[in-house]
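The values are calculated or read from the model by the stated rules, or taken from the named source; none is laboratory data. Note that the structure is predicted; figures quoted are calculated from it, not measured. Here the Cβ positions follow ideal geometry from the backbone for every residue, glycine too, while neighbour counts run over all protein chains shown.
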């Protein structure tokens with residue numbers, strides 16, 4: 001082979017290699033189109049994704065995955081940066097798979113052997129077999145190629161005026177978040193759980209979590225029945241290991257938090273650190289009842305503390321002195337407001353009561369509460385009276401329904417209070 005031939009061959013190899021690399025890059029770009037770094041604002045039941053694009057003139061076709069398409073919230077698609085003229089939304093095509101085999105031979109297994117027939121009409125399921133026409137074929141049918149099983153996925157065709165840098169924005173129910181806390185002897189630790197049901201990784205360059213009530217009135221384009229799936233816990237990216245979410249502000253009754261760094265959310269669950277702080281939690285006995293002449297009243301126990309910052313709603317797992325004592329839910333709470341976590345009855349939480357009926361509709365009520373514990377207990381009592389009523393008693397906060405009383409009992413301390421109730 002001459003040197004010129006070798007040069008030509010070398011040049012062809014370089015061209016082939018360059019072309020293959022371009023094709024591989026294009027294929028990877030198409031495959032990973034939904035995992036390119038994008039911005040996300042994640043809500044309790046959905047998320048808004050904003051994907052940067054470089055648009056060609058006039059028209060661009062978006063081909064989301066089936067899972068993403070089904071999760072889209074109708075009316076939420078937006079193409080920012082150009083002037084949109086129209087959008088054409090095409091769901092997944094469901095063609096007659098037989099149409100790809102009209103005029104072709106297919107095989108069917110019948111009475112112990114494979115036989116051949118030609119498909120004449122896909123609509124009528126009509127075959128030509130040994131000079132006769134059959135409607136349908138018996139036994140197992142084998143097709144010559146998989147062309148009839150290829151379906152066209154969903155597409156959205158954007159037509160617009162302009163080109164260049166733009167942003168595709170939409171709401172999807174396929175990405176959500178929730179929050180759970182642990183409260184362990186005064187240390188409050190929160191973890192955010194992000195759930196990705198889109199079936200593929202999502203790379204987020206900037207992520208904000210929104211807490212609060214944000215209603216949606218529509219479901220997806222064609223919401224499928226829920227399917228069982230394996231929910232896997234993904235490890236947090238290394239960049240997020242040491243940092244918590246940053247509170248960035250309030251907007252129209254919602255709280256916004258920013259997660260640090262870039263995130264890659266695989267299918268399933270990803271848990272990320274959200275908050276770590278200390279709180280001064282007090283033990284609480286609460287009694288909310290209607291007027292009662294019972295000699296013993298039972299309190300419900302709980303914990304209460306002031307929110308150290310604007311806290312998002314979540315489930316709190318509580319431990320005291322290394323013992324798990326229960327779970328409770330908390331609402332979105334502004335900084336400085338009280339968080340109250342109720343846990344159920346306390347066997348030691350009892351109030352004794354003496355009721356003296358001085359007349360048919362006139363009662364003298366004395367209630368005594370004692371704290372037998374080795375730590376202080378905050379007591380909260382609210383009693384509702386039959387309407388109308390007259391109430392006389394010292395230290396009681398009158399409310400339209402009856403009265404309210406709050407105080408703290410030191411270890412071993414008791415308190416007694418009395419009131420006079422007159423009913424019509």
Residues 205, 268: which one is at positive phi and either modelled with pLDDT of 60 or more or under 14 Å from the mean Cα position of the chain (by Cα) (or both)?
268
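Looking only at strands (runs of 3 or more DSSP E) that fall completely inside the range 258-322, which ones have 2 or more residues that are touching a helix residue (DSSP H, G or I) at 6+ places or on another chain (Cβ under 8 Å)? I'd like the intermediate steps shown before the answer.
Numbers: elements: 263-265, 268-278, 282-290, 296-306, 314-320.
Because the criterion is at least 2 residues that are touching a helix residue (DSSP H, G or I) at 6+ places or on another chain (Cβ under 8 Å), the strands (runs of 3 or more DSSP E) in the range 258-322 that meet it are 263-265, 268-278.
Within the bounds of the range 317-327, is there any residue that is loosely packed, with under 12 Cβ neighbours inside 10 Å, closer than 23 Å to residue 178 by Cβ, in the same structural domain as residue 417 (by TED's automatic domain parsing) and free of Cβ contacts under 8 Å to residues at least 12 places away in the same chain? Outline the logic, then answer.
Residues of the range 317-327 that are loosely packed, with under 12 Cβ neighbours inside 10 Å, as a first pass: 321-324.
Within this subset, residues satisfying the condition of being closer than 23 Å to residue 178 by Cβ are 324.
Narrowing the set further to residues that are in the same structural domain as residue 417 (by TED's automatic domain parsing) leaves 324.
Still in the list and also free of Cβ contacts under 8 Å to residues at least 12 places away in the same chain: 324.
Yes, some residue in the range 317-327 is loosely packed, with under 12 Cβ neighbours inside 10 Å, closer than 23 Å to residue 178 by Cβ, in the same structural domain as residue 417 (by TED's automatic domain parsing) and free of Cβ contacts under 8 Å to residues at least 12 places away in the same chain.
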Within the range 131-166, the residues that are surrounded by 14 or more Cβ atoms within 10 Å (Cβ to Cβ), closer than 27 Å to residue 112 by Cα and in contact with a helix residue (DSSP H, G or I) (Cβ under 7 Å, 6 or more places away or on another chain) are 143, 148
Filter the range 360-385 down to residues that are closer than 12 Å to residue 409 by Cβ, in contact (Cβ under 8 Å) with a residue 60 or more places away in the chain and assigned to a loop (DSSP other than H, G, I, E, B), then give me how many there are.
3
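Check 128, 134, 98, 119 and return the single one that is farther than 30 Å from residue 48 by Cα, touching a strand residue (DSSP E or B) at 6+ places or on another chain (Cβ under 9 Å) and assigned to a helix (DSSP H, G or I).
Working: 128 fails: assigned to a helix (DSSP H, G or I); 134 fails: assigned to a helix (DSSP H, G or I); 119 fails: assigned to a helix (DSSP H, G or I).
Only one candidate qualifies: 98.
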Pairs, please: C-beta under 6 Å, at least 6 apart or cross-chain, first residue surrounded by 11 or more Cβ atoms within 10 Å (Cβ to Cβ) and in the range 335-359, second assigned to a loop (DSSP other than H, G, I, E, B)?
335/307; 335/309; 335/310; 337/307; 339/307; 348/372; 353/295; 355/293
Considering only the range 365-381, I want to know if a residue exists there that is at pLDDT 95 or above, under 18 Å from residue 423 (Cα atoms) and loosely packed, with under 15 Cβ neighbours inside 10 Å.
yes
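From the residues in the range 153-172 that are part of a loop (DSSP other than H, G, I, E, B) and in contact with a strand residue (DSSP E or B) (Cβ under 8 Å, 6 or more places away or on another chain), which one is nearest to residue 76 (Cα to Cα)? Working first, answer last.
Let us first name the residues in the range 153-172 that are part of a loop (DSSP other than H, G, I, E, B), namely 153-154, 162-163.
This time we only want the ones that are in contact with a strand residue (DSSP E or B) (Cβ under 8 Å, 6 or more places away or on another chain), so: 154, 162-163.
Values: 154: 16, 162: 21, 163: 21 Å.
Within the range 153-172, the match that is nearest to residue 76 (Cα to Cα) is 154.
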